[in-house]
Each structure stands twice: as C-alpha cells, then as structure tokens.
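First comes the structure, then the notes that go with it.
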2 protein chains.
Amino acid sequence: MRKYLLEDEWLIIEEGFDTENHRRSESLFSLGNGHMGLRANFEEDYSGPTLRGTYIAGIYYPDKTKVGWWKNGYPEYFAKVLNAPNWIGFKIRFDQNVLDLNKMTVTRFRRVLNMKEGVLAREFEASWPDGRTVKVETVRFVSLVRRELGVIQYRLTPLNFSGTLQAELYVDGDVINEDANYDEKFWEPVEHSIHEGYCFLKSRTKKSGFEVCYGMSSELIRIQTGEKIFPEIASATDYVNNRYVLEAKQDESLVFTKFVAVTTSRDYSDNQLRKQAIKVLENSISQGYASLYAEQVDAWAQSWKLSDIRIEGDISAQQGIRFNIFHLNQTYTGHDPRLNIGPKGFTGEKYGGSTYWDTEAYCVPFYLNTADRRVARNLLVYRYNHLGKAIENAEKLGFRNGAALFPMVTINGEECHNEWEITFEEIHRNGAIAYAIYNYIRHTGDDMYLAEYGLEVLIAISRFWAQRFTYSDPKQQFVILGVTGPNEYENNVNNNWYTNYIASWTLAYTLECIGQIRSSNPDDFTRITGKTHFDPDTEARRWETIVNHVYFPESKELGVFLQQEGYLDKEQILASDLNPEERPLNQHWSWDRILRSCFIKQADVLQGLYFFEDHFSKEIIRRNFDFYESRTVHESSLSPCIHSILAARIRYTDKAYELYLRNSRLDLDDYNHEVHEGCHITSMAGTWLAIVEGFGGMKVTNDRLFLDPVLPRTWKSLSFSIRFRGHVLAIRIERNKIRIEDTENRQINIHIGKKQYSLKKGQPIEVPL
Amino acid sequence: MRKYLLEDEWLIIEEGFDTENHRRSESLFSLGNGHMGLRANFEEDYSGPTLRGTYIAGIYYPDKTKVGWWKNGYPEYFAKVLNAPNWIGFKIRFDQNVLDLNKMTVTRFRRVLNMKEGVLAREFEASWPDGRTVKVETVRFVSLVRRELGVIQYRLTPLNFSGTLQAELYVDGDVINEDANYDEKFWEPVEHSIHEGYCFLKSRTKKSGFEVCYGMSSELIRIQTGEKIFPEIASATDYVNNRYVLEAKQDESLVFTKFVAVTTSRDYSDNQLRKQAIKVLENSISQGYASLYAEQVDAWAQSWKLSDIRIEGDISAQQGIRFNIFHLNQTYTGHDPRLNIGPKGFTGEKYGGSTYWDTEAYCVPFYLNTADRRVARNLLVYRYNHLGKAIENAEKLGFRNGAALFPMVTINGEECHNEWEITFEEIHRNGAIAYAIYNYIRHTGDDMYLAEYGLEVLIAISRFWAQRFTYSDPKQQFVILGVTGPNEYENNVNNNWYTNYIASWTLAYTLECIGQIRSSNPDDFTRITGKTHFDPDTEARRWETIVNHVYFPESKELGVFLQQEGYLDKEQILASDLNPEERPLNQHWSWDRILRSCFIKQADVLQGLYFFEDHFSKEIIRRNFDFYESRTVHESSLSPCIHSILAARIRYTDKAYELYLRNSRLDLDDYNHEVHEGCHITSMAGTWLAIVEGFGGMKVTNDRLFLDPVLPRTWKSLSFSIRFRGHVLAIRIERNKIRIEDTENRQINIHIGKKQYSLKKGQPIEVPL
C-alpha cells in the first residue's frame, strides 16, 4: 500500500512532485469519454519514467500470439487496444532551456483530477539550473459532449526572466506499445496535411487497417495585452505541429489553447475522416474554450446525478467510491454496442483492453442501476453481435449444431486468450453471459429483449452446455469434466459446483424463456426456432433430462457445496495460517503447489451463492461463506466485493467493511503495487456492488425490489440512487432509518427488510431500521 | 508412411535423387560416435531444402524461454544442443560450374548408410546445363575409436571434359539453429589460425561459454599418376579452408581426403584445445585413411557382436531393428557420465537434444543388455551428478529437507521445460529414475552401486514422494493430487494409478535398500545418513505409514485399475470407433477435448504393469490390457513398444507384432511425416525391448533370468545376445526350439517358460518350445 494522495470528497490531489509516483499518477489521473482516453502524461517533454498512453476505443491490433507450447485450437493473435498517436504534445523551450520536469527543480507541484467536472489540472513552478523559473498551469479534458474532441489549456509564466519562447504544439504518430509481443510497431503513417489553419495526421493500424485522423488547431494569447498570436503550421510524416516563437516577458502569462479532433474509420469511411475532424474543430473553436468547459461540467453533473454515492463520516471511503464511479463512467458510456469495458479502460495497456466476463458479472449491474437501460442493453447486444463468432469458436473445439462458446478475452468476438486451461476450460463465462440477460430483464422489465436478441444467445449457450455435459455411468448423473471455475487457482477439475450450477440454471432458464416466448410472442418464436433450427421437442426434452439429473458435489457432513469433486482430499488449512511472507501466493508458490492447495483466488461456490442467492437459505450461505472465505486469498481484484456483499447479507458487517475497503481504494492506495500499469476498471464496479447490494442490501426477486440495509460502524449515512424498471429512486440510509424517494414521482412497492412499503407520487417514505 | 529406401540387411540405401526426400535422408543417414555427430548433409554446396546439422554432445546453449503466460517456478531458459560449426564443407567448381545437385541433372545417385561399418557413402553422376558431367564418390565417418576425428574421402572424376578445378575444403563457424526461440545466433568466433599445414577455427557459445576447436588438414591425390597436391591454406573469422586449383583431366580421378579434429572445452582447458586437435590430426594422418577406415570397421564389428539382433524371414524387420540399434550405439557410448541421450540424438535439433525420462524407462535396459555395465551405470551416474540441482528444483516448488525432483527436460540438471502441467506435474519421471537404479542392480548384480551412488538418489526421491503425498481425510488414505501421468492426454489429475504406484514402490524399495545397506555396509550407511541427514527412525516410519495406506483407484466391477480417479466418468468409446480423419487426435482436436476424452496417448496403467509385471497375475494384465489398449491412440513414439511387450506376454502375438512394426520402422518408413526433423532415437530402444523382452520373453525376477519366447508368424528365427550379471548369452529362437550359449563359458541357471535349465561351461543348450 502506498499512500501519497490527499483525501478529498471530489478531487484526487497530488501535492509535490516525486518521479517515483509519476507512472502511478499517470494511471490514476487518466481521462476518458467512452470514445477515447489517455493517461495523465505530461504535455511537455518528460525524460523520466513514464508510460505514454493514448487510447481510442475499439481500435485494436491483432498482435501475433506468444505461446510456449502450441495447442490445437489456440488463437493466432491477441487483439490489443493500442497506444494511439499522441495528441497532447507541447515542446516548450526558453532560449536553450527545455521544459522537462525530470531535469528541473520542481516546486509547488499540484496535480488535481476533478471528478465532479471531468477535468485534469496541473500547476507547478520549475527552475532550470541557471535559475530561470517558470510557472505552468494546465487544464485538459476529453469532452463528454463532443466525443471526438480533446482540449488543453496551457498557461506559461516566466517568473524571473524574459527570453525567447519556442513552443511546438504537436500530434505525434510515431508511438509504440509497451505491451508488444515481438516489439513490432503497430501503426503506419497514411498522410499529413494542412488545411485552413488546421493540420492533420492520418495513421493506419497494420493488419487490422483502422484509420484515425487527428486534426489540430491552437491559439496563443498574451494575457496581459490580449494579443493573439498565430502559429507557423507544419506537417511531416507522422508529425504535425503548430510552432510559436516569441519574446516572453517576465511575469507575463502566455496561454495556449489546443483543440484536437480524433475521428476514426470505425465511425466514418476513410475519405470522410478529415472532413469530420474539420467539422469537430470548427464547431468547437467557434464555441470557445470557456463554453466547452462549461458543457463538460454540465455533462458530468448529469452523470453524477444518476450515479453518485455519498458516504458521510468516512472521507476516504467517499473519495474511493467516487473515484471508482468516475472511472467507470468515463470508460464506458454505452453509446456504441461495438464497444465494451477493458480491464484497464483508458488507463493502461495491460490485458490488451479486451472484454472479459467481468463485464457481465460486475459491470452490467452498475450500469443497469446508474444509467439509461440502453447502456446495459448495448453491453448485451455486444455479445449478441458476436454470436456467430462464438458459434465458430465452439466449432473449433468440436461442438456442433449452433452451440456457442463466447471467448474468454475478446475485442471483436474472436478468442484472444491462449492458455488451454482458461481458453478452453474456463467455460463458466458462458453462464455469466446468460445470467446477464436474466439480470437485465428482471431489473429493467424489458421483456422484449428476449425475443429481439436474448433468446438466440440463450439457445446457443444452452446447446453448448447440453453438449458439454457428459453422462457418467458410475454416477448415473450428468457431469461436467475438465473445467476451470472462477477460482483460477484450480485448473482442469471435474464437476466444479459453480459451473455445473450455472450451466444447469442456463438450461432451465432457457427452457422457461422458450415457453414464455412461445406463448406470448408466437411469431418471434417461429422466427427464432426457424433461424436457430431449434427443435422444441427433442432438444428441449434432452435439456430437461439433463436439468433433472445434474451432479452437484457437496459434503453432507460439513453442510457445504464442494467447489469441485475431490476438494476435501486437499490438505485443509486456512488463509490465516499462511506465512504472510509467502503472500500473494501467485508471486511465491509454483503453480502446481497453488493448484494442490485448498486456497481460493476469488469467489467460486460463493459466486454462485451471490448470483442465485434466493435459491439458498441464509444458513447455507453462512456455512459456505465460513468454509470458503477462510480459504480465500483474494488474489483477484474481483474477489473482495462478492465476499463483502455476502458478508453484509449474513450480517458479518465488520468483515463486509474490511473486504469493501480492499476493493474501494485498491488503486488509490496501490495495494498490489501495480497501479503504474493502469487501474482495475472492471473491479471498480465491484465496489459499487458492495455498497448498493451489500450495505444497501438491494436485490430484485420475483419482479420486486428489496432493500435490507446495514451501515458500517464508521458511516453516518449512505446515499445513492438506483434505477429500477423506469423508477429512479433516491435512497438515503442512516443508522436508524432509511429514506426513499422516487425522483420521477411514480408509484412503486418496495420491500425493506421483511416488510413491504408503498412509495407514492411525490411522497418520499422514511422507515426506521 | 513414405517408403523410398531399399531393404537390405545391413545397408540403408537410397537410389535416385529426389530433392523431396533429401531432408528425410539427412536425418536417417546421420552419423555419430557419442562425442559428435552430424546429419547426412552433402559436403558440397546444396541450394535445395536442407537442414544443416552438426552436433557436439554436451555443447549447449541456454536459449531464452518462450512462454505465453508466465508461471512462478518456470525456468528462464531452455538448454539446446546446438548446430555447431560445419566441418564437412567442400566447395567444388570446374571453371564457372559450381557443384550443386539442386542445379544439375543427377543420375546414378546412390546414398548408402553402411550400418555394419559405421560409414556413409554416396556416389552420383551430375551434369551441368553445358553438358559437362562429373562423377562423385564420397565416403565419410566419425571415428568410433578416435572420438574427436571425422574423415571424408571425396573422389571427383570429370567424365567428358577437362578444365580448371577449384576446390575449397572448409570449416564454417557461421551457423544458425533452425530451432531458436528469438532468432539469435548462438556462436561467436574466438580465433582462427594456421599451424604447420593445419588450419584451426575456434568458436565459443554465447552465454554458456563452451569453446570448440576445429583442426583441419587435407590432401589431394591424382589417382592415375599418384601425384600428391598440397593446398593453399587460409583462415579468416569464422572460416578456415584449404584451397586447391589445378587442371583436371577427363577420366582422371582426383581424391581428396579431409581430416577434421574437434576438441572441446568440455574435455580440455581452453588453451589446450588447439594442441589436442593437433595431436588428433597428427596421429590420424600418420595412420592413414585406409587404416582409420579399418579401425572403424573393427570397432563397429565389436559393437555389433554385443548388440546385433538377427531375424530370419523378415528382411524389413531385420533392417528396422539394425537401424534402431545402429542409431542407439552411435548416439550414446557411455564413455562420459556428463552425457545422455537426446530424443533426436545427432539427427536433428528438435526437443533441444535434452534428456527425458525416456533414458531410464527405455534406453537403460537396452544398454544394460548390450554393452558393458559401465555404459548403463554412467546413465545412472548422470542423474546422481544432478542430484544437487534436483534438490534445488524441488525447493523452487516448495519441497524441503533434501527432497529431489529431477527435471522433465534437462542437459545440465536444470529444468528446461515450461508447461506447468508437465514441468511441475509430470512427476512420475522421478519414479522412473528410482526404477532404473533397481533395474540396473537386479540386472548387473552390482550391489555396490547402491552404497556408492544409488541410495542417496533414492532417499532424495523418496523424500519428494513422502512430501507429495497428502493425507485425505475423506479417504483416510494417502493421495497424490494434481499430476500428469505418462499419458500426457490427461493433465492435473488426482491419483494417477501409475504415479501412486511407482511413488509407493519407490518408498518401499528405498526402505528395503536402507535396511540392506544398514546391515551389509554399516560404514556407508553412517556416511549416507550423515550426508543426507536422513533419520532412519522418524523418516522411515513415516514412509512405512504411507506405503501401507496409499490410495489406488480401481474398478472392482471391471476388474481394472483406474488410470486416475474419475476416469470412468468419461464417455467410454474405443479408439477403433474414432473417425480416421480425426487422427492423430493431437492434430485435430482441441486440448480440452483430448483431456475430456477417454483416449490415451501412451501406456499409463500399462506402463506400471510392464515395470512391475511380477506384482500382478497374467489375468490382471490381460484385463487391463484389453481395457486400456483399446482406448489408446499411440500418439507417442514410446507407446507401441510397451503394449507390444505386454501383448507378447499374454500371447496376443499378432497384436504384439502389429505394435512392434509401428515402432521398428517408424523413421525408415516415416509413419508420422516428421523424419525431416530428425529420428526418434529414444523410441528406438523400445523396438529393442519389444523384441528381447516381448518376443524373447526375457525378464529378471528375484535374481533369476527368465525367457519365455514367442515368434511372430513370419519370422523363421530370432537371434540376439544379452548380458546378465557378467554372462554374455547368445540366444537363438526358432519356431520349435530355443538355443542358448554362454559365450563367456560360465555356468548359469535360466528359466525357459516354466522350467529351469542349467547352462554349463562350453555346453549350449537347446530346449524345445
């Protein structure tokens, strides 16, 4: 854990400059708007340790796979969201002195991420060895309103000298990925041009052939005189720039404003890119910096209105949850069903920016509750659009008849991962994708989704499960052999309880959905069975047979479900017995030792009890929680939140809070010493879940909304909003009461604890706890 | 299967030149002498497809590991025996015409590997486009007597022209490996020099720092005149040569003789290499070509005397077994305990030339029976010398107190493999190393080996097993979790029967050996327990407890041992039911499908029944054979032989013969289309085993030698020699009788079938069958 940031309700603040922290801050202070984003790199030259990172959603490169021993069925490439051309560049030089904080004495350094407004600001004073000192104040944002626009205001003030300033504001296409398997370059220049005061750089990704066009414009004002200065504009292969040379006077502030438009061939045909960039620049410049800034503040205010969580009495927790919500909202905005949520968002390259089951298991509920339902719906449609490729993927593994296996890691629907025990065997991901459909519909009430998209996906996933079950003669039951469950510290096990459960549930749910569509939408039913060649008799009958005869390993003696067959053959020791010096295990133990041990990376049986809470009694949940949590080392960022929610449910409130803390400030406090590589975006959704579903006790059962709150000791109050079936409910929980208001002024019945309450138009209710 | 070679009892013959077959022939016609070897590359330039390969035993390079997803405990490098400087080179040019068979019309091409004499010969006539035709006859060998010597005789006859011949005989240090993970060069030049008519090239391997010195000398004789011509000698970085320029006359034969000495820093200090090479050259040249050739023939005659197998009535089988024996004897000669047997020997680069458990399980019995006992002993001492590193290796995986895990793949004792399911989990290899000690002692009667080397290894391996067993509470027995058995089509399984059995056997055998040494060699016992800190009370007691409570999975219903727990949960189908188009499975099925299936790559339970045959009744062997062989796809070259032996034992003679054939001509007939990469050297030992232990029915039980022969239908007779406890027994099996003679004229009791016979001095016996 490394704390160097100040606590504040709305701001992330770094005071004083330490090169050691810079890469960390670059991750934490990242900006994004769903379309593009970037790490908090300095605009000016910086010769110290840095990871330059500028990302454009959905622009990927199929990097040649690196693998030790090839296995049949491995993918040929790993799709990576790329470090894209750098548009923030400023080269600043006063006479012979280049502005580079790594070579200067820096004072009064302050970097602030204003989460409320979606703006990154920085100010500092820095001196060269000759004693000359300059003051710099910068502000930048990527517009939430104009997704293709980035704006920088850069203010320079020579504090104790006058001299010739040479400033070059540039876009640089000559960028590399730190994460490249064979040190290849991924971009090639296409063209550069100058047009009516704008300069343009067009680059193309190799192999995948995406084109991006960067249009740039800038202006400089001498603040004291109001004089506007125009640059010399130049363009060259991979580099376009605006150059200013002028006499700078002591104490006179020079303010640069740089506008950059980024258009891509994902949105327009190649020959339209420049034209579209011009449009963005013209509209933005005519609007003016101040107005663009105001727009940004407004847009973020709207976003916060829906998704903010307020915690009174715990500023650290307050900052933590807002930090998480802020990053989630700037990573994915739901405007484009071709996009999804990479584990690092726009904050780093690791994991390639691809989609994992994190989306369905962790992120969908966040967006369901905090944004228009179209946002979560687009995450579902993303998978629907990949159904064809998921069927091809399953065919590669020998499955037939329209069975689908969605990839473990993907950008465009094709599998990118290449460890057989994950790629081929961590198949529970298919279940999470089915569960997300169920979750979306129960939360929004949008039944039509099933007929339109959902049922086709459910049928294809169910076909996969039906083929993946094997009938065991000795057991006279259906088994699933050779899987990796959510707990990736077990590989190639037989009858992982969670996988068997979600597979069996998927079959049952699909059968239920088929029955529903058959009676409610007979035309859709005919269309879907025609399209999928689904045979409602033989296929459905086989699924029923399976559902009724699935083997679930359990220990009657201990009263727990068994993570997998044979789990109790392991030596049973507790995580608390481990030598702290050997933790995290994955950095100290060889893989076979981890596999042989009883230690659990993240919720596995408990993930199932979380998803299907209503199928189990509190007593069963408690017994399994006691047994498994004590064996869990939480070496996945996705682990503590699920445990925190269950702990809150069974009123292990202190445990719930302890686990919550591990999640919420994971990045801000850099628990795992890896923030320099980027933030854990998808696990941030887990923090939100831990608060709303855990401490808020929110759940939906049989179309009804339940709340069952419990506050951590230190919190005075907890307030959040949720969306549920068209309602937007503002909820405030205090130690002894809960207040609920439907901000849209409609009527709804809500269960609080064990009682039902009716919320009427314009009448918030308050219930004692 | 691709047959293009002629059948002959002693020769491998290729007639006619087809560039398609050249890489295959380069593998098959390889030469070696234990110290060095090389593929059957052409001496002269060849611009067609070729894999140039010159190898020096024990000279390796630690190539940087290639791995997809790093796991804690993986090795940093993969040691590879390298393609070494090329010493056979001849550049031949008549005026402007360069000799390059790829660009000429070739007639009368004949390549012959004379296995009886250990010599590779080639002759052909080849014409340039201008009609000039030259005849070439070459002979080369690497001396079995002078291990650092290679000799080439190269005879040129212009058939229809006269002209200027330029010939350059060279050693070239600028070589690459086809199998390099990152396309690095592995050698760097050290020096080149000329000294008293010899030229020298010294090269060093990067990282590992081995130095090799090549000394070269040559002469040329005009046959018709007897005129000797001396070359111009030159040396340059990475290239030394002898150059001849002369007028060649039509029909006049020019005979070059090239002598090359190869000395290495494995045998001498760096500054002695040239001196030693001079010594080799001087001695050899003064001996003269004819005499060196005669030496070679004699040495191979000696080798054949001990190891030859004669089969009457099946020339194809005869050629096959001699081919296998020849390669085994040229790959490993047992003169150096630092060396071992790479899967490709000196015939290719694949698998890096490293040591696998193949050595103990397959090769040791071959050398035990066909060579002085020191040969097999050195293979055992090789592992003894690596004991320290095996202990370190186990420590990396969390084992303590002197437990050893020998590497899966190694050259110098360090692990080179990096697939967790193999590296960390295919631990049965440890058992094979213990078994080889037992096998060596029962075969040779060399009890002293135990005190000198064996017991320390056994204790360390037993410590590993004792720690690797886990006590299962539900089973109230000891289990071994998370292993890969010999059948690598199962990974990370629990309670692999074979592994549990050999582990338990190792513990029991070690206890027995400890008891034996304790009483027979008390001083050694004190020394060994002191050195290993072995506690004969507590440690031995724990081992006994384990041995008495090991869990062995079995099916009482089917009367078979279970390959692993849960094997019967799989869908039970037979290999004969497989679609032939989907075979081999490893080229058609994804890995998870292979793992989930019941199909078996190579003997697993049956490997145990082979090793421990005497522990089980024929009926049990038959039941397990019936069950498992029908599920076995034999996709390892090590599979058919073990099955062939067991089939012969239970008198499935046709099946035994069918499986034998798959092994014996695997390379000659290129069953798997991979001979261009090199030959399957270690599986060649399996062919020998299939004949001697299978059809010969040879086994050793309780210090007694048993023979129980059965001949395949087509064979008239089978003759072979075996060594057993100082005896050298010549055995001839005919359809109705067996004849045995102790060629050393001593007395021994032998069991044939169910009866015991006494073999007296000078009196061969004949027993009807």
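Can you tell me the relative contact order of chain B? Whole percent, Cα pairs under 8 Å, sequence separation 6 or more. It would help to have the intermediate numbers written out before the result.
Working: 1703 pairs, mean separation 91.7, N = 769.
Result for chain B is 12 percent.
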Problem - Three semi-axes of the equivalent ellipsoid, chain A, Cα gyration tensor, whole Å, largest first - result: 47, 29, 26
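Rounded, prolate or oblate: which one fits segment A:100-194, using the alpha carbon gyration tensor with axes a ≥ b ≥ c (rounded when a/c is under 1.5, else prolate when a/b beats b/c, else oblate)? Intermediate results must be reported in sequence, preceding the final value.
On the way: a/c = 1.84, a/b = 1.43, b/c = 1.28.
Prolate is the answer for segment A:100-194, as a/c is 1.5 or above and a/b outweighs b/c.
In debye to the nearest 20, how big a dipole does segment A:579-683 give about its Cα centre with +1 on each Lys and Arg Cβ and -1 on each Asp and Glu Cβ?
Details: 13 positive and 17 negative charges, 90 e Å.
The dipole magnitude comes to about 440 debye.
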Exercise for the section: Give me the lysines in straight-line cross-link reach of B:K305: C-alpha distance below 27 Å, same-chain residues under 8 apart excluded. Expected result: B:K116, B:K344, B:K699, B:K716, B:K737, B:K760, B:K761
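Please get the size of the charge dipole for the protein assembly as shown, origin at its Cα centre, with Cβ charges of +1 on Lys and Arg and -1 on Asp and Glu, quoted in debye to the nearest 20.
Values: 182 positive and 210 negative charges, 383 e Å.
Dipole size: approximately 1840 debye.
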Practice task
Run through the other copies and list how far each one's label point is from that of B:R310, in nm with one decimal, shortest first; the point sits 7 Å from Cα along Cα-Cβ.
Solution key: 10.3
Problem - Pseudo-label separations to other copies for B:N736 - Cα-to-Cβ vector, 7 Å, nm - result: 11.2
Exercise for the section: Note down, for segment A:198-284, the three equivalent ellipsoid semi-axes (square root of 5 times each alpha carbon gyration tensor eigenvalue), biggest first, whole angstrom. Expected result: 32, 14, 9
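D for segment B:668-769, whole µm²/s, Stokes-Einstein with Kirkwood Rh over alpha-carbon pairs at 10 °C and 1.306 mPa s: what number? Display every interim value, and only then the final one.
Details: Rh = 14.9 Å.
The diffusion coefficient I find is 106 µm²/s.
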Completion exercise
Taking max minus min of the Cα coordinates of segment A:354-417 on each principal axis, largest first, gives extents in Å of 40, 22, 16
Exercise for the section: Could you order B:Y384, A:Y61 so the one with the most accessible surface comes first? Probe is 1.4 Å. Expected result: B:Y384, A:Y61
Problem - ³J(HN,Hα), Karplus 6.51/-1.76/1.60, whole Hz, each residue of segment A:352-365, x for Gly, Pro - result: x, x, 8, 9, 10, 5, 3, 4, 6, 7, 10, 7, 3, x
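Which of the residue pairs A:K66/B:K64; A:K601/B:K601; B:K350/B:K389 have a Cα-Cα distance greater than 21 Å in the structure shown? Show your work: numbers first, answer last.
On the way: A:K66/B:K64 13 Å; A:K601/B:K601 32 Å; B:K350/B:K389 24 Å.
The answer is A:K601/B:K601; B:K350/B:K389.
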Problem - Shielding score for A:472-479, defined as the mean number of other chain Cβ atoms within 10 Å - result: 3
Fill in the blank from the handout: Shape call for segment A:252-306, from the Cα gyration tensor axes a ≥ b ≥ c (a/c under 1.5 means rounded, otherwise prolate when a/b beats b/c, else oblate), comes out oblate
Practice task
Take B:T506, B:T532 and sort them by solvent-accessible surface of the protein heavy atoms, 1.4 Å probe, largest at the top.
Solution key: B:T532, B:T506
Exercise for the section: Return an integer: the convex hull volume of the alpha-carbon atoms of segment A:586-670, in Å³ per residue. Expected result: 95
Exercise for the section: Between the label point of B:I765 and that of the same position in each other copy, find the distances and list them shortest first in nm, with every label point placed 7 Å from Cα along the Cα-to-C-beta direction. Expected result: 10.1
Handout entry: Surface accessible to a 1.4 Å probe, B:R725 within the full protein complex, Å²
Key = 70
Exercise for the section: Counting only DSSP beta bridges with both residues in segment B:215-296, tell me the antiparallel percent, nearest 5. Expected result: 100
Practice task
Go through segment B:393-426 and flag every residue whose accessible area shrinks by 40 Å² or more with all protein chains in place compared to the isolated chain (probe 1.4 Å).
Solution key: B:L397, B:E419, B:W420
Exercise for the section: Just need the Rg to Rh number for segment B:6-145, please, alpha carbons only, Kirkwood Rh. Expected result: 1.08
Problem - Cα lying deepest toward the dipole's positive end in segment A:555-699, options A:L562, A:Y671, A:Y660, charges on Cβ - result: A:L562
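Mind checking the dipole of chain A: about its Cα centre, +1 per Lys or Arg Cβ, -1 per Asp or Glu Cβ, Debye to the nearest 20?
Numbers: 91 positive and 105 negative charges, 335 e Å.
Computed charge dipole of chain A: roughly 1600 debye.
Convex hull volume of the Cα atoms in segment A:430-523, per residue, in Å³?
Details: hull volume 9.4 nm³, N = 94.
Cα-based convex hull of segment A:430-523, divided per residue, equals 100 Å³.
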Completion exercise
Taking segment A:158-262, the lysine pairs whose C-alpha atoms sit under 16 Å apart (8 or more places apart or on different chains) add up to 5
Handout entry: Residue of chain B whose Cβ sits closest to the axis mapping B onto A, with distance in whole Å
Key = B:N492, 2
Handout entry: Listed residues A:S519, A:V479, A:T529: farthest to the positive end of the dipole of segment A:439-549 (Cβ charges)
Key = A:V479
Exercise for the section: Roll a 1.4 angstrom probe over the protein heavy atoms and tell me the percent of accessible area of chain B that is carbon or sulfur. Expected result: 46
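In terms of solvent-accessible area of protein heavy atoms at a 1.4 angstrom probe, what is the ranking of A:V560, B:V139, highest value first?
Numbers: A:V560 5, B:V139 35 Å².
Of A:V560, B:V139, the descending order of accessible area is B:V139, A:V560.
At 222 nm, what helix-only mean residue ellipticity would chain A give, in deg cm²/dmol to the nearest 500, using -39500 (n - 2.57) for each DSSP H run of four or more?
After summing the helix terms and dividing by the residues of chain A, the value is -9500 deg cm²/dmol.
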Handout entry: Accessible surface, per residue, of segment A:333-490 when the full set of protein chains is kept, probe 1.4 Å, Å²
Key = 23
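Which value, to two decimals, describes the C-alpha radius of gyration of segment A:239-351 once divided by 2.2 N^0.38 Å? Before the final figure, lay out each step's value.
Numbers: Rg = 19.3 Å, N = 113, 2.2 N^0.38 = 13.3 Å.
Here the Cα radius of gyration is 1.46 times the empirical estimate.
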Completion exercise
Protection proxy (average C-beta count within 10 Å per residue), highest first, orders A:728-736, B:452-460 as B:452-460, A:728-736
Problem - Accessible area of segment B:107-195 divided out per residue, in Å², using a probe of 1.4 angstrom - result: 38
Handout entry: Per residue, the convex hull volume that the Cα atoms of the protein assembly as shown enclose (Å³)
Key = 222
Fill in the blank from the handout: Here P(r) for segment B:46-118, Cα-Cα distances in 10 Å bins, as whole percents, is 13, 26, 27, 19, 12, 4, 0
Practice task
May I ask which residue of A:V134, A:I92, A:G32 lies farthest towards the positive end of the charge dipole of segment A:1-140, with charges of +1 (Lys, Arg) and -1 (Asp, Glu) on Cβ and the Cα centre as origin?
Solution key: A:G32
Handout entry: Rounded to the nearest 10 Å², the accessible area of A:W10 at probe 1.4 Å
Key = 50
Handout entry: Relative contact order (percent, whole number), segment B:630-769, Cα cutoff 8 Å, 6+ residue spacing
Key = 16
Handout entry: Accessible-area value, A:K737, 1.4 Å probe, nucleic acids and ligands omitted, Å²
Key = 70
Exercise for the section: Could you give the spread of the C-alpha atoms of segment B:490-637 along their three principal axes, from largest to smallest, in whole angstroms? Expected result: 63, 31, 25
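The values are calculated or read from the model by the stated rules, or taken from the named source; none is laboratory data. Not measured: the values here are computed from a predicted model. When we count neighbours, we look across all protein chains shown, and the Cβ atoms used for this are built from the backbone with ideal geometry, even at glycine. Surface areas here come from the heavy atoms of the whole protein model, side chains and all, with no ligands, DNA or RNA. Shrake-Rupley method; radii C 1.70, N 1.55, O 1.52, S 1.80 Å.
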